[in-house]
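Okay, so here's the structure we're looking at.
Where a number appears in this text, it was derived from the coordinates with a stated rule and is not lab data. Computed from a predicted model, the values in this text were never measured in an experiment. Neighbour counts run over all protein chains shown; Cβ positions are idealised from the backbone, glycine included.
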Amino acid sequence: MRERPGRKLRRSLCFGLGLTLAAAVVPTPPAEAGQITGVTWFSGVASVALAGWSTPDPNNDDFGVGASPNVVPILQKDYFAIGPVDIVLDVADSGGTTEYLIVEGVLNNTGVDWGGYHIELGFGTGAGFVASTAGDGLDFDAPDFTSDVSFNPSPGFFPSQVVTEDDILASGGIQPDFSFAGNFLFHVDVPDGISSFTIRQSPIAVPEPSTALFVALGLVGLAARRQS
């Protein structure tokens with residue numbers, strides 16, 4: 001693992017404090033049509049720079065193909081270790097379902113390359129996180145999945161995405177250590193009847209060569225035992 005000057009001190013301080021839960025709250029702008037009313041982040045492995053949000057077209061679920069005009073920009077998530085970032089969005093009823101475009105920048109400052117990026121919808125934070133269930137109205141533009149999704153901004157990181165109702169797995173490439181991905185983007189349908197929800201995001205580290213070798217040897221040994 002590569003270590004840059006200053007990282008070791010910062011990381012030791014962070015882990016010495018037991019990865020204390022961090023939180024930041026963006027001031028609430030006037031809500032249009034009562035959709036998203038607040039954004040907060042929680043993590044022990046990253047810092048997050050948030051901006052405001054806009055809802056010019058409320059109740060626009062299944063608006064068509066492309067990008068929703070309702071936007072939640074996340075300027076940067078700076079990961080200094082592998083683990084989840086929980087972004088909690090407060091919601092007020094508006095008489096329908098509003099589709100939001102989430103646009104974010106992600107910095108890999110973990111000391112290891114990433115082979116994928118995982119996003120889940122749910123409720124709560126940390127050990128109290130509970131995954132969203134099928135059919136609850138909170139989803140990644142299900143069931144049509146016609147809105148834009150991309151985790152492959154220039155110079156290219158994760159060209160493949162598997163998107164289900166409450167889960168996204170981006171893969172097929174590498175985001176190297178100390179690289180910045182601008183404009184990861186995806187869409188979320190936000191229904192009435194909930195007061196808040198969580199977008200949980202976690203990078204997936206590329207296994208160390210020795211780890212990958214041990215896994216491969218273990219699989220070979222298991223196959224040999226089954227054949228004997």
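Looking only at region 124-161, which residues have a backbone nitrogen under 20 Å from a spot 7 Å from the Cα of SER195 in the C-beta direction? Only 124-133, 136-138 fall inside the zone, counting backbone N under 20 Å.
A straight chain from ALA67 to ASP93 at 0.36 nm per residue would run longer than the Cα-Cα distance by 7.1 nm. Computing FRET efficiency as 1/(1 + (r/R0)^6) for ASP136 and PHE180, where r is the C-beta to C-beta distance and R0 is 45 Å, gives about 0.85.
Work out the FRET efficiency for SER47 and ILE204 from their Cβ-Cβ distance, taking R0 = 25 Å, and round it to the nearest 0.05.
Working: r = 20 Å, r/R0 = 0.79.
Efficiency at R0 = 25 Å is approximately 0.80.
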